[in-house]
Amino acid sequence: MSLEAEIRRLKEERRAVILAHNYQRPEVQDLADFVGDSLYLSRKAVEDDRPRIVFAGVRFMAETAKILNPHKTVLLPDLKAGCGLADSITAEQLRTWKGEHPDAVVVAYINTSAEVKAESDYCCTSSNAVKIVSQIPADREILFLPDMFLGDYVRRRTGRTMHVWAGDCPVHAKMRPERIDQARAEHPGSPIVAHPECGCTTGTLDKVDRVLSTDGMLRYAEETRAPEVLVATEVGILHRMHRLNPTTRFLPLEAGAICPYMKETDLADIRDSLALDRFAIEVPPTTAERARRSLERMIAA
Ligand code: 13P
Ligand code: SF4
């Protein structure tokens, strides 16, 4: 029996749903029940009624699914699937920062640990960060964390004064404005779409054509009639872009933009995860309860 067939059989037997992020390996995306960005997958984790979730993504995504579904078993197939951006702030650092701004509203990007979410008022994803910040009363001070490029983008789009944590994603931060200039010269007339975590979104929004979450990029891929589009995010997204629109050439802005954490999970890990119920993610109930408030605001927005 092929690995794919074994996974399908185990998935039925175990009554599991497989969720995969847009940056996962192509063969993992092809086998998943749902593929999408962080917001879409969080919503699917709640809507789907199967008792077991296999999360082909990174740890903060599986933790989020567990917090939102305390009675389901949430499995992360490979424990090495962390996130460099989520590691850029600890709950202790956030408590100190809050101590310096006691009246501030804390907005945490979903790429954070459960402990950091528990210290936050709102969570957001790249899909709804602008919307969430816009809804906060204008007279409130805001602490935004942990991504400085997304924070700067949200600040510009909303016109709000925000304190922004100086964290970044090691994959996206490398995409600098100079690279955009070079790509423009090499591919004149080709639109450039960029994820808001990119270094090239800071102060140079006019340099790219669209700033989009990963699902936003997929919708763009379906609609565009451009012969060629440059894509500034992790290269895993290109798999579905090509599928959704085989007539446009989708090229990575940086071919080396590969998230090592997102590539940890392979089909054998998913098979073992289903067969052995591993690795079950647990979040202490008091942390989960506090983190749930900010996540529910994110889901509702
Ligand atoms: P999206 O929510 O846009 O999928 O981004 C998640 C992520 O980890 C980006 O690096
Ligand atoms: Fe984290 Fe960056 Fe990888 Fe996204 S691409 S999971 S932000 S390290």
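The values are calculated or read from the model by the stated rules, or taken from the named source; none is laboratory data. Quick caveat: nothing in here was measured; it's all calculated off a predicted structure. As a convention, Cβ positions derive from the backbone with ideal geometry for all residues, glycine included, and neighbour counts pool all protein chains shown. Note: areas computed on protein heavy atoms with side chains; ligands, DNA, RNA excluded. Shrake-Rupley method; radii C 1.70, N 1.55, O 1.52, S 1.80 Å.
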Worksheet entry | Residue list for the stretch 146-172, restricted to those being of a type in the set (A, V, I, L, M, F, W, C) and either touching a Leu at 6+ places or on another chain (Cβ under 7 Å) or open to solvent by 20 Å² or more (accessible area, probe 1.4 Å) (or both) | MET148, VAL164, TRP165, ALA166, CYS169
Item to complete: Select from the stretch 178-195 the residues that are in a helix (DSSP H, G or I), under 30 Å from ILE89 (Cα atoms) and open to solvent by less than 80 Å² (accessible area, probe 1.4 Å) and list them in ascending order.
Response: ARG179, ILE180
Response to the item:
Filtering the stretch 119-161 down to residues that are hydrophobic (A, V, I, L, M, F, W, C), out of contact with any Asp or Glu (no Cβ under 8 Å at 6 or more places or on another chain) and in contact (Cβ under 8 Å) with a residue 24 or more places away in the chain yields CYS123, CYS124, ALA129, VAL130, ILE132, VAL133, ILE136, ILE142, LEU143, PHE144, LEU145, VAL154
Worksheet item: Taking the stretch 223-276 only, how many residues are within 18 Å of the chain's Cα centre (by Cα), among the charged types (D, E, K, R) and farther than 25 Å from GLN182 by Cβ?
Response: 3
Worksheet item: Is there any pair with a first residue in the stretch 246-260 that is of a type in the set (Phe, Trp, Tyr) and a second that is open to solvent by 40 Å² or more (accessible area, probe 1.4 Å) and outside any strand (DSSP E or B) whose Cβ atoms are under 9 Å apart and which are 6 or more apart or on different chains, and what are they?
Response: PHE250/HIS242
Worksheet item: Is there a residue in the stretch 63-77 that is without any contact (Cβ under 8 Å) to a residue 24 or more places away in the chain and open to solvent by 50 Å² or more (accessible area, probe 1.4 Å)?
Response: yes
Worksheet item: Among the candidates LEU39, LEU76, which residue alone is within 16 Å of ligand 2 (Cβ to nearest atom) and in contact with a strand residue (DSSP E or B) (Cβ under 8 Å, 6 or more places away or on another chain)?
Response: LEU76
Worksheet entry | Hits in the stretch 108-127 - residues which are under 21 Å from PRO170 (Cα atoms) and hydroxyl-bearing (Ser, Thr, Tyr) | TYR109, THR112, SER113, THR125, SER126, SER127
Worksheet item: Taking the stretch 64-120 as the search range and keeping residues that are under 30 Å from ASP269 (Cβ atoms) and among the charged types (D, E, K, R), which one is farthest from ligand 1 (Cβ to nearest atom)?
Response: LYS72
Worksheet item: Among the residues of the stretch 94-104, is there at least one that is surrounded by 24 or more Cβ atoms within 10 Å (Cβ to Cβ), farther than 19 Å from THR202 by Cβ and touching a strand residue (DSSP E or B) at 6+ places or on another chain (Cβ under 9 Å)?
Response: yes
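Results for (1) within 16 Å of ligand 1 (Cβ to nearest atom); (2) free of Cβ contacts under 8 Å to residues at least 40 places away in the same chain, shown as yes or no for each residue.
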site	(1), (2)
GLU186	no, yes
GLY189	no, yes
CYS198	yes, no
THR201	yes, no
ARG210	yes, yes
Response to the item:
Exactly one of SER127, SER88, SER134, SER113 is of a type in the set (Ser, Thr, Tyr), at pLDDT 95 or above, open to solvent by 10 Å² or more (accessible area, probe 1.4 Å) and in contact with a Gly (Cβ under 8 Å, 6 or more places away or on another chain), and that residue is SER88
